[in-house]
Amino acid sequence: MSAPVDLACVVHCHSTYSDGTGTVPEIAAAAARAGADAVLLTDHDTLAARRWGEERWYGPVLMCVGVEVSPRDRNHYLAFGLADEIDHTGMTPAQVAAAVADAGGIGFAAHPFSRGSERFRRARGMPFGDLEAPGMTGLELWSWVTDTAERIGSIRDGLRFIAAPERFVDLPPARNLAAWDALCAERPVVALGGIDAHQIGVRVGGRVPLRLIGYHRSFRHLRTHVLLERPVSGDAARDVPAVYAAMRAGHCYLAVDSVAPARGFRFAGMGEVVSAPFAVSAHVPRPALLRLLCGGRLVRETFGVGLDYVASEPGAYRVEALLPAYGRQRMWIISNPVYVR
């Protein structure tokens, strides 16, 4: 069987169709500059980019147009594969998830563990209120901007993050991982890594002369790598659904590609429900600290390019890979689980 095709995807991005400062072609150009293969656009409550014919290939970058279903203040939901927007007026989180599923889409709770900033009270949390909603495909396990902004304790920290995000961000919040592990113990819950990129700045006369972190800089870091069974065709009408199908199946992993390029990571059975005993096998493209966890409990730890283990007990088994950078251990890769039953 041939190796899957690994697409490094930037997930959760906003354009000028909502509250971002870049056009769709500019975002695609930024992704190409950053070395990403695809962008999953999620403007607030609009699929306008698709209606204007902007869901397509831009050279080496595939633009997939989803939507961030955005009730006021909380319960935002990243939805993909929809023909139309969701009218979320008066809906509960579970009803939003059900509406997306009923329309044939897949959905992920956006920045679901958000609590707001303890230091800056105006930065309020925007959590998702029902992570056990039956129609929910998964969640945004690590929200690069939101999770980082909420841990910033001073203006100096904020400036450090803006100047060099790769030095400031090291690990996802432990509470995010713990909550996800608890959910996966009950049923498959697909994890994504999202940026929530807006390129905060001011757009004047078709240009953005003032910005905090440009799209291309934020796109270098956290990505969701989606594993496709077949090579892309170059036809967005075929390739976009293939990306969504792989996401639905949990055939994807999170990677901080600014720590090291992650393409080549493999984890047998990722996203699948299998029977015990199951031969767990993981491979990384360069030596790293590899950790195998089941339900958040460390099962095995080793340093190298491979990890093997026979899982005889039921549970959701996932892999983390860490590498040293800038004086600390940095999270490099987080797999989706294989579910041993």
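Side notes on the structure shown:
- Residue match in the range 35-42 (condition: more than 16 Å from Tyr215 (Cα to Cα) and in contact (Cβ under 8 Å) with a residue 12 or more places away in the chain): no
- Across the range 299-307, not a single residue is classified as in contact (Cβ under 8 Å) with a residue 40 or more places away in the chain, more than 22 Å from Pro4 (Cβ to Cβ) and not small (Gly, Ala, Ser).
- Among (1) open to solvent by less than 50 Å² (accessible area, probe 1.4 Å); (2) in contact with a Lys or Arg (Cβ under 8 Å, 6 or more places away or on another chain); (3) among the hydroxyl-bearing types (Ser, Thr, Tyr), the one test that Tyr309 misses: (1)
- Exactly one residue out of Arg330, Arg263 is surrounded by fewer than 22 Cβ atoms within 10 Å (Cβ to Cβ) and part of a loop (DSSP other than H, G, I, E, B), and it is Arg263.
- Residue within the range 294-302 that is surrounded by fewer than 21 Cβ atoms within 10 Å (Cβ to Cβ), over 18 Å from Arg341 (Cβ atoms) and acidic (Asp, Glu) present: yes
- Any chance Asp73 is in a loop (DSSP other than H, G, I, E, B), closer than 28 Å to Pro134 by Cα and open to solvent by 40 Å² or more (accessible area, probe 1.4 Å): yes
- Any hit, the range 96-108, residues being within 19 Å of the chain's Cα centre (by Cα), surrounded by 24 or more Cβ atoms within 10 Å (Cβ to Cβ) and within 16 Å of Val39 (Cβ to Cβ): yes
- Single condition Arg151 does not satisfy, out of (1) open to solvent by less than 60 Å² (accessible area, probe 1.4 Å); (2) modelled with pLDDT under 80; (3) touching a helix residue (DSSP H, G or I) at 6+ places or on another chain (Cβ under 9 Å): (1)
- Residue in the range 23-38 that is within 16 Å of the chain's Cα centre (by Cα) and either open to solvent by 10 Å² or more (accessible area, probe 1.4 Å) or at pLDDT below 95 (or both) present: yes
The values are calculated or read from the model by the stated rules, or taken from the named source; none is laboratory data. Keep in mind that this is a model prediction, so the values were computed, not measured. Reconstructed Cβ throughout: ideal geometry from the backbone, glycine too, with neighbour counts over all protein chains shown. Ligands, DNA and RNA are stripped out before the accessible areas are found, and what is left, the full protein with its side chains, is counted by its heavy atoms. Shrake-Rupley method; radii C 1.70, N 1.55, O 1.52, S 1.80 Å.
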